[in-house]
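Worksheet: one structure, shown below.
Each value in this text was obtained by applying a stated rule to the coordinates, not by laboratory testing. What you see is a predicted model; the values in this text were computed from it and never measured. Note that we place each Cβ from the backbone using ideal geometry, even for glycine, and neighbour counts take in every protein chain shown.
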Amino acid sequence: MLAVKDPQPDFELPPHNEAALAGLREAKDHESAVALATGGVGLATGGILHPVGWILFGLAYQPLVRVQKLARLEKLTTLLLEEFKSEGIQIFPVVPVGDKNPIDLFIRFPRVTHLFISIRSQGEREIVYNEAREVLQVKRKDKNRLKIWNPCPLVELASYEKWLDKNRAVFGMSSREAQKTPTAKVLVLWSPTKAAKTHKEHLYSELGGMRILALRRKGTAFVIQQEEVTEFVKVWLAKYKAG
């Protein structure tokens with residue numbers, strides 16, 4: 001168990017759990033309504049303000065993916081809250097990180113473990129890790145041609161960990177908690193995108209009975225499918241909870 005100082009009594013965390021989930025739903029519903037009214041264009045500028053300011057969730061993403069992204073975040077946040085609320089989970093969706101893509105989900109089990117989750121989809125394609133070049137590549141099922149995935153989700157995940165260390169005060173963390181708490185960096189592939197089954201055996205790790213693609217680029221990032229998120233969090237939490 002890490003020895004860390006509690007935040008001050010009047011410290012207020014950013015929106016998380018039920019409050020954040022309500023915000024995701026508001027932003028998704030509003031973005032859907034605006035996209036419908038404008039023929040699918042969606043919000044392109046900050047000139048339209050949403051009540052309570054939740055539209056900032058939507059504006060963090062590119063217009064063509066906003067509604068889908070918000071719906072996916074809503075689904076995963078709901079599932080994780082149902083499964084882990086009794087474990088003290090704190091879920092922070094759409095955490096802004098400078099000029100980079102936001103952290104889709106920052107999950108915190110205070111003093112136990114943290115998880116950074118990036119949700120990505122490349123449509124009906126397979127994801128291949130080129131170990132020699134240390135890059136992710138995207139392969140269409142009907143073609144053998146591979147395209148490098150930019151910006152690389154693995155590099156983004158690594159940058160989130162550094163961001164947390166510099167911005168730990170946002171979550172009321174001590175430097176020790178931010179730096180020493182076990183952290184998982186997770187790339188979640190959303191169907192129909194799949195990880196190719198051609199990766200070499202040494203790229204996989206066993207965790208609580210799960211066989212997981214563990215890619216080492218600026219640290220280790222785990223690559224899982226959307227339907228594996230709850231199980232992954234469960235086995236990862238169990239790994240550190242006893243300590």
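Show me the ranking of peptides 190-199, 230-239 by mean Cβ neighbours inside 10 Å, starting with the highest.
230-239, 190-199
Let's test the formula: R0 of 25 Å, r as the Cβ-Cβ distance of L203 and K234. What FRET efficiency results, to the nearest 0.05?
Step by step, r from the Cβ atoms, then E = 0.65.
Counting Lys and Arg as +1 and Asp and Glu as -1, what is the net charge of the other residues whose Cβ lies under 15 Å from the Cβ of R133?
Its environment carries a net charge of +4.
Taking the highest mean first, how do the peptides 115-125, 173-183 order by number of other beta carbon atoms within 10 angstrom per residue?
115-125, 173-183
What is the pair-distance distribution P(r) of the stretch 98-241, computed from all Cα-Cα distances in 5 Å bins starting at 0, with each bin given as a whole percent?
With 5 Å bins starting at 0, P(r) equals 2, 9, 19, 22, 21, 14, 8, 4, 1, 0, 0.
Which order do peptides 71-77, 131-137 fall in by mean Cβ count within 10 Å, highest first?
Numbers: 71-77: 20.4, 131-137: 14.7.
Going by the mean number of other Cβ atoms within 10 Å, highest first, we get 71-77, 131-137.
Could you pull out which residues in the stretch 182-209 have an amide N less than 19 Å from a spot 7 Å beyond the Cα of N130, following the Cα-Cβ vector?
Residues passing the 19 Å test: 194-200, 203.
Can you flag which of K85/K197; K141/K194; K100/K141; K166/K194; K69/K185; K200/K234 are past 22 Å Cα-Cα?
The answer is K85/K197; K100/K141; K166/K194; K200/K234.
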